[in-house]
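The values are calculated or read from the model by the stated rules, or taken from the named source; none is laboratory data. In this text the structure is predicted, and so the values were computed from the model without any measurement. With ideal geometry, Cβ positions are generated from the backbone for all residues, glycine too; neighbour counts draw on all protein chains shown. Note: accessible area is taken over every heavy atom of the protein model, side chains too, but ligands, DNA and RNA are not part of it. Shrake-Rupley method; radii C 1.70, N 1.55, O 1.52, S 1.80 Å.
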Amino acid sequence: MVVLGIETTCDETAAALVERGADGRGRILSNIVLSQNDEHAAFGGVVPEIAARAHVEVLDLLIARAMQEAGLTFPQIDGVAAAAGPGLIGGVIVGLTTAKAMALVNQKPLIAVNHLEAHALTARLTDGVPFPYCLFLASGGHTQIVAVRGVGDYVLLGNTLDDAIGEAFDKTAKLLGLGYPGGPQVEQEATRGDASRFTLPRPMFARHDANFSLSGLKTALRLEAEKIAPLSDQDVSDLCASFQQAVVDVVSDRLRVGLRLFRERYGAPTALVAAGGVAANQAIGKALHKLAFQIGTRLIVPPPALCTDNGAMIAWAGAERLAAGLTDGLDIAPRARWPLEEVAGPRAMTDPHPASRI
Amino acid sequence: MRVLAIDTALEACSAAVLDTEQAAILASESHIMVRGHAEALMPLIASVMAQASLRFSELDRIAVTVGPGSFTGLRVGIAAARGIGLAAAKPVVGLTTLTALAAPYIAADDSLPIAAVIDARHSHVYLQLFGTGGRTLIPPRIVPLREAVHAAAAASARLVGSGACMIAQNWSNQEPPQLVDERRAPDIDWVARVGAAADENQSAPKPLYLRAPDAHPQSAAQLPRR
């Protein structure tokens with residue numbers, strides 16, 4: 001089956017076509033992503049109304065291009081999937097409404113995909129990872145450890161109590177005047193810096209739950225920086241290196257606990273899977289490798305273009321849901337907030353007592 | 001020409017199908033709605049197409065209101081119209097809510113001016129002023145209430161739209177306005193008629209916000225560099 005996927009939950013407008021074979025293998029036929037970075041750079045972060053305005057100007061053109069690159073016409077597709085949340089509601093409305101229109105006109109099933117679910121299932125598109133696996137999802141908007149047990153069967157093992165990791169990187173970059181998005185900038189500065197110069201906290205260290213907290217780290221960084229302002233180039237590099245090292249330590253510690261919780265409840269995971277833009281950070285990537293090696297599982301990190309927001313992951317999640325018989329009506333509502341655990345799966349229909357949830 | 005018309009820019013969720021050859025509205029539905037357009041619109045479109053017994057491939061164009069109005073609302077309509085246009089390979093035309101509000105009155109009597117006014121909050125209105133023959137004297141813009149009163153009164157204009165009463169209450173002429181129709185959304189049948197007449201090359205289905213996004217560059221948090 002071939003599914004069209006639409007992604008508009010944040011500041012990327014994306015459309016893609018993905019094929020899912022009868023054997024469950026995936027193939028990307030086209031994958032178009034238009035980033036709005038320039039439009040938000042002056043504001044030091046994503047401005048929801050600016051994002052929504054940009055989505056509606058270009059989405060239909062991107063879909064047309066995705067269809068053309070895949071060499072397909074609408075009657076040849078089997079379903080239309082859109083990210084229906086969670087995310088910035090103005091953008092979600094544009095993507096979901098467009099998907100509904102495509103589905104109605106072509107008499108194809110609509111699949112309302114949870115954006116986080118799409119990140120969670122990407123490793124099955126790229127590497128065919130079998131269930132159950134442990135997902136570390138870290139981006140500008142999310143920081144979660146999730147037990148992925150099946151399509152529509154997700155258990156949250158850990159979550160951030162405040163800022164997302166990507167958000168902490170962005171705020172650090174903003175504080176130090178490094179521009180937006182901040183992740184790559186901070187990482188680059190950190191390569192020239194001394195990670196031991198500033199003593200920063202490792203919030204939540206050794207706690208028995210697998211939750212994160214980043215806001216204290218961000219505040220500690222600001223206090224250290226204010227002490228020595230105005231900042232030299234070396235100061236900035238050292239601050240970035242110290243900050244990144246603290247994040248690496250936090251991720252290693254929290255994920256170690258998360259993986260332990262996973263094993264206790266569900267046995268050994270088939271893999272540790274990373275997703276979200278933060279996975280592109282090389283220092284964090286190294287820490288994940290080390291951790292996976294230590295616990296004797298393999299690490300799967302999809303290529304960067306499939307870790308950050310894209311349409312292929314939405315199309316793939318749509319195909320997985322469609323294959324499981326899960327479709328949605330044209331009256332489905334877009335959702336700004338939509339926790340992964342509230343995503344419906346096949347078992348929810350037959351089993352009134354789904355697996356225990358935390 | 002067969003036209004599917006869509007309006008979700010103001011306080012209604014509406015769709016209609018017009019056939020100009022039969023000079024008939026084949027189907028038309030409108031629901032008063034402040035929010036919830038994103039959920040309601042597509043089933044509504046399916047319903048009017050079924051009532052009109054038409055397939056999307058049998059349409060000649062899609063017409064949609066592009067604002068001014070609720071930012072979110074007008075994007076629902078435009079996203080739907082452009083999505084249908086792409087999927088059915090049909091052209092999409094955009095028209096302003098102000099034109100659609102004024103159209104029935106211009107059609108009834110085009111010797112009298114009419115001001116379409118939509119409440120834009122904070123003592124501002126979206127205004128378009130039409131003179132004799134339906135010519136635009138003031139193109140769509142956002143103006144302080146006072147300015148809109150002045151312009152409408154100077155032209156002795158009829159008033160239509162959610163801001164009509166606000167203008168009438170502050171009227172500065174001795175003669176009261178000849179007509180005050182405080183309707184909250186355009187008649188969808190007129191969206192279809194104006195859409196049928198619109199020039200495809202001059203009516204891109206792009207949002208008309210008339211207001212910049214509420215955002216300010218942030219630099220205050222940044223620490224000084226040496």
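Consider A:A225 carefully, then state whether it is under 20 Å from B:R225 (Cα atoms) and in the same structural domain as A:H142 (by TED's automatic domain parsing).
Details: under 20 Å from B:R225 (Cα atoms): yes; in the same structural domain as A:H142 (by TED's automatic domain parsing): yes.
Taking the combined requirement at face value, the residue satisfies it.
Does at least one position in region A:58-69 carry a residue that is in a strand (DSSP E or B), open to solvent by less than 40 Å² (accessible area, probe 1.4 Å), at pLDDT 95 or above and under 28 Å from A:G183 (Cβ atoms)?
Taking region A:58-69 as the starting set, the residues that turn out to be in a strand (DSSP E or B) are none.
No, there is no match, as no residue in region A:58-69 is in a strand (DSSP E or B), open to solvent by less than 40 Å² (accessible area, probe 1.4 Å), at pLDDT 95 or above and under 28 Å from A:G183 (Cβ atoms).
Based on this model, can you work out whether B:A107 counts as aliphatic (A, V, I, L, M) and out of contact with any His (no Cβ under 9 Å at 6 or more places or on another chain)?
On the way: aliphatic (A, V, I, L, M): yes; out of contact with any His (no Cβ under 9 Å at 6 or more places or on another chain): yes.
So B:A107 passes the test.
How many residues are open to solvent by less than 40 Å² (accessible area, probe 1.4 Å) and either assigned to a loop (DSSP other than H, G, I, E, B) or within 11 Å of chain B (Cβ to nearest Cβ) (or both) when one looks only at region A:225-238? Working first, answer last.
To start, the set of residues in region A:225-238 that are open to solvent by less than 40 Å² (accessible area, probe 1.4 Å) comprises A:225, A:229, A:231-232, A:235-238.
Cutting the leftovers down to either assigned to a loop (DSSP other than H, G, I, E, B) or within 11 Å of chain B (Cβ to nearest Cβ) (or both) gives us A:225, A:229, A:231-232, A:235-236.
Summing the residues that are open to solvent by less than 40 Å² (accessible area, probe 1.4 Å) and either assigned to a loop (DSSP other than H, G, I, E, B) or within 11 Å of chain B (Cβ to nearest Cβ) (or both) in region A:225-238 gives 6.
Could you check B:L59 against (1) within 11 Å of another protein chain (Cβ to nearest Cβ); (2) in contact with a helix residue (DSSP H, G or I) (Cβ under 8 Å, 6 or more places away or on another chain); (3) open to solvent by 10 Å² or more (accessible area, probe 1.4 Å) and say which number it fails?
Looking at each condition in turn, B:L59 falls short on (3).
If I filter region B:45-56 down to residues being open to solvent by 10 Å² or more (accessible area, probe 1.4 Å) and under 15 Å from B:C13 (Cβ atoms), which single residue comes out as nearest to the other protein chains (Cβ to nearest Cβ)? Lay out the reasoning, then the answer.
Pass one, region B:45-56, residues open to solvent by 10 Å² or more (accessible area, probe 1.4 Å): B:46-47, B:50-56.
When the remaining residues are screened for being under 15 Å from B:C13 (Cβ atoms), the result is B:46-47.
Values: B:A46: 6, B:S47: 10 Å.
Within region B:45-56, the match that is nearest to the other protein chains (Cβ to nearest Cβ) is B:A46.
Take region A:223-275 and flag every residue that is within 23 Å of the chain's Cα centre (by Cα) and among the β-branched types (V, I, T).
Within region A:223-275, A:V247, A:V248, A:V250, A:V251, A:V257, A:T270, A:V273 qualify.
Just wondering, is there one or more residues in region B:176-189 that are in contact with a Ser or Thr (Cβ under 8 Å, 6 or more places away or on another chain), away from chain A (no Cβ under 14 Å) and of a type in the set (V, I, T)?
yes
All but one of (1) on the phi > 0 side of the Ramachandran plot; (2) surrounded by fewer than 24 Cβ atoms within 10 Å (Cβ to Cβ) hold for B:G67; which doesn't?
(2)
Checking A:M204 against (1) part of a helix (DSSP H, G or I); (2) under 19 Å from A:E167 (Cβ atoms); (3) under 25 Å from the mean Cα position of the chain (by Cα); (4) hydrophobic (A, V, I, L, M, F, W, C), only one condition comes out false. Which one?
(1)
Among the numbered criteria (1) open to solvent by less than 50 Å² (accessible area, probe 1.4 Å); (2) at positive phi, which one does A:A206 miss?
(1)
Criterion first (at pLDDT below 95 and among the aliphatic types (A, V, I, L, M)) does A:V46 satisfy it? Write out each step before concluding.
Working: at pLDDT below 95: yes; among the aliphatic types (A, V, I, L, M): yes.
Yes; evaluated as a whole, the condition is true for this residue.
Where in region A:239-358 are the helices (runs of 4 or more DSSP H), entirely inside, with at least 2 residues that are surrounded by fewer than 18 Cβ atoms within 10 Å (Cβ to Cβ) and of a type in the set (A, V, I, L, M, F, W, C)? So that I can check it myself, show each step before the final result.
Values: elements: A:282-295, A:304-307, A:311-323, A:346-350.
The qualifying helices (runs of 4 or more DSSP H) are A:282-295, A:346-350.
Taking the condition of being in contact with a Ser or Thr (Cβ under 8 Å, 6 or more places away or on another chain) and open to solvent by 50 Å² or more (accessible area, probe 1.4 Å), how many residues in region B:3-25 meet it? If you could, list the steps in order and put the result at the bottom.
Step one: of region B:3-25, the residues in contact with a Ser or Thr (Cβ under 8 Å, 6 or more places away or on another chain) are B:3, B:5-17.
Cutting the leftovers down to open to solvent by 50 Å² or more (accessible area, probe 1.4 Å) gives us B:11.
Number satisfying all stated conditions: 1.
Of all residues in region A:36-47, which are in a loop (DSSP other than H, G, I, E, B) and open to solvent by 50 Å² or more (accessible area, probe 1.4 Å)?
Residues of region A:36-47 in a loop (DSSP other than H, G, I, E, B): A:36, A:42-47.
Across region A:36-47, the qualifying residue is only A:A42.
So which pairs qualify, if the first residue must be in region A:21-43 and small (G, A, S), the second must be open to solvent by 60 Å² or more (accessible area, probe 1.4 Å) and in a helix (DSSP H, G or I), the Cβ gap must be under 9 Å, and the two must be at least 6 apart or on different chains?
Final answer for the pair search is A:S30/A:R65; A:S30/A:Q68; A:S30/A:E69.
For region A:1-35, which residues satisfy the criterion of being outside any strand (DSSP E or B) and within 30 Å of A:E167 (Cα to Cα)? Give the derivation first.
Narrowing region A:1-35 to residues outside any strand (DSSP E or B): A:1, A:8-11, A:21-25.
Within region A:1-35, A:T8, A:T9, A:C10, A:D11 qualify.
Scanning region B:190-226 for residues that are touching a residue at least 60 places away in the same chain (Cβ under 8 Å) and within 10 Å of chain A (Cβ to nearest Cβ), which turns out farthest from the chain's Cα centre (by Cα)?
Selected residue: B:R211.
So which helices (runs of 4 or more DSSP H) stay within region A:77-175 end to end and still have 1 or more residues that are within 14 Å of chain B (Cβ to nearest Cβ) and open to solvent by less than 20 Å² (accessible area, probe 1.4 Å)? Spell out how you get there, then give the answer.
Working: elements: A:89-106, A:115-127, A:165-175.
Answer list for region A:77-175: A:89-106, A:165-175.
Which members of region A:1-28 meet the condition of being among the hydrophobic types (A, V, I, L, M, F, W, C), open to solvent by 20 Å² or more (accessible area, probe 1.4 Å) and either under 21 Å from A:A101 (Cβ atoms) or within 18 Å of the chain's Cα centre (by Cα) (or both)?
Passing the criteria: A:M1, A:C10.
If we scan region B:15-33, do we find a residue that is of a type outside the set (K, R), more than 11 Å from chain A (Cβ to nearest Cβ) and part of a helix (DSSP H, G or I)? Let's see the steps before the verdict.
Our first condition is that a residue be of a type outside the set (K, R); within region B:15-33, this holds for B:15-33.
Filter once more, so that each one left must be more than 11 Å from chain A (Cβ to nearest Cβ): B:15-33.
Still in the running and part of a helix (DSSP H, G or I): none.
No.
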